[in-house]
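Taking it in order: structure first as structure tokens, then the write-up.
Bear in mind these aren't lab numbers, they're just calculated from the coordinates by the rules spelled out. No experiment lies behind these values; they were computed from the predicted model shown. Cβ placement follows ideal geometry from the backbone for every residue including glycine, while neighbour counts extend to all protein chains displayed.
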Amino acid sequence: MKILVTGGAGFIGSNFIKYYLDAHPEDEVVNLDVLTYAGNLENLKDVEENPQYTFVKGSITDRDLVFDLVKDVDAIVHIAAESHVDRSIMDSGPFVETNVIGTQVLLDAALAHGKKRFHHVSTDEVFGSLGPDDKPFDETTPYAPRNPYSASKAASDHLVRSYFHTHGLPITISNCSNNYGPYQFPEKMIPLFIAKLRAGEKVPVYGDGQQIRDWIHVGDHVRGIDACLQKGELGETYLFGDDNEVRNLDLTKKLIELVGASEDMIEFVKDRPGHDRRYATDSRKAHEQLGWKPEFTFETGLRNTIDWYLANEEWVDRCRSGAYKDYYKKQYGL
Ligand code: NAD
Ligand code: TYD
């Protein structure tokens, strides 16, 4: 099988490609990524010599390029997106452009070339914000996104589902909870806080720090994406999460303890506008129908993640300084 992965130079995309090539050494992977600030080809150093792997620099909104690439593949794993909520609050334009229009271009290409298998990677944030006593999100939860990022992802999910019902495009969708793990760009909470603590900087906790996220290790998420592709029922949605609800302030204190810093480094800052209070996921459908279960506990996953960031401080420094862009200029002349 030959698959087109979009957004493969980002956090989840690069973890997915490395996992996939290892799990399916006979398959080919084409990685289409426009290399925004979040795209880092250093993440893929381990596979860049692999003859089964090809990188193409370009945008999923480029219709001619996308149609050309989709022609030659058997399936699409759509991971590319603008992914950071805070950036979507500052400027929602690129979110609509990539997450909505880009998804539409990919769907049109999949349809035009004989209804290619399409797996869409999405987020639990499309379901909005839970109250303290609400039951976790599941596949029947109505959509209620509350920030431009989650609204653009919700729009993309609706489009993907509509191509199944209207055109019979063979799709699956996965909505996953907050990921953590190696190669996450240090703008998201966990890598940002580790990087700041290592640099002796205070960590900015938004609002009262009582917001809850359900954390899952990226290694478990990418196995789930593959399970959808191999075993997912067409037209269906699967939620991935890890029953791991943690308050931001508790997580901050845990990170401080693991890095060996002091709680004096916590700085409460102005809350994010429209900040979702709580996310929680019920992944029983994925357990039962895909045979998928998380392998990391939060303890082992977080330890593994901290160890990785401590062992890869140069990667973090290059992300923070922007020097990581030199790597692909040198390597690929881009
Ligand atoms: P990321 O920001 O780390 O990576 C996104 C990648 O997409 C980057 O390599 C970027 O260059 C690429 N990209 C952006 N616009 C593009 C375009 N127009 N054309 C081609 N490539 C483009 O994001 P991530 O955290 O790896 O998230 C990946 C996907 O997983 C997103 O769809 C996101 O909604 C979803 N998701 C993320 C999480 C999470 O916790 N990070 C949780 C659930 C779902
Ligand atoms: P983030 O990693 O941005 O993921 P998301 O917004 O998609 O859940 O944020 C995780 C949580 O941490 C979220 O409740 C916002 C909070 N947060 C802070 O308190 N300070 C920060 O500097 C960041 C980036 C996030």
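Here are some notes:
- Against the chain, whose longest principal axis comes from its Cα atoms, helix 298-311 is set at around 90 degrees.
- When shorter helices are ignored and each DSSP H run of at least 4 residues is given -39500 (n - 2.57), the per-residue value for the chain at 222 nm works out to -11500 deg cm²/dmol.
- Modelled this way, with points 7 Å down the Cα-to-C-beta line, the labels at VAL56 and LEU310 are 4.2 nm from one another.
- Charge tally around THR172: other residues with Cβ under 9 Å, Lys/Arg +1 each, Asp/Glu -1 each, net -1.
- Dipole of region 95-197 [Lys/Arg +1, Asp/Glu -1 at C-beta], most positive-end residue of ALA144, GLN104, ASN175: GLN104
- Overall form of region 1-78 per C-alpha gyration tensor (a/c, 1.5; a/b vs b/c): oblate
- Fewest neighbouring Cβ atoms within 10 Å first, the residues THR281, THR123 line up as THR123, THR281.
- Gaussian network model of the chain, springs between alpha carbon atoms under 10 Å - residue of GLY93, GLY301, GLY219 with greatest fluctuation: GLY93
- Packing, taken as the mean count of other beta carbons within 10 Å per residue, orders the peptides 44-57, 192-205 from highest to lowest as 192-205, 44-57.
- Added length on full extension, which subtracts the Cα-Cα distance from 0.36 nm per residue, ASP86 to GLU299: 73.9 nm
- Separation between Cα centres of region 20-44 and region 62-136, rounded to whole Å: 17 Å
- Counting every pair of alpha carbons in region 113-209, the share spaced more than 20 Å apart comes to 55 percent.
- Exposure proxy order (Cβ contacts within 10 Å, fewest to most) of ASP214, ASP27, ASP124: ASP27, ASP214, ASP124
- Global geometry of region 195-334, whether rounded, prolate or oblate, following the gyration tensor of its Cα atoms and the 1.5 cut on a/c: oblate
- The Rg/Rh ratio for the chain, using Cα coordinates for both the radius of gyration and the Kirkwood hydrodynamic radius, is 0.94.
- Here the chain is treated with +1 on each Lys and Arg Cβ and -1 on each Asp and Glu Cβ, and its dipole about the Cα centre works out to around 460 debye.
- Residue-span extension gain [GLU48 to ALA23] - 0.36 nm each, minus C-alpha spacing: 7.4 nm
- Shape call, region 264-328: gyration tensor on alpha carbons, a/c limit 1.5: oblate
- Placing pseudo-labels 7 Å out from each Cα toward the beta carbon at SER162 and ALA323 gives an inter-label distance of 4.7 nm.
- Residue order, fewest to most surrounding Cβ atoms within 10 angstrom, among HIS120, HIS113: HIS113, HIS120
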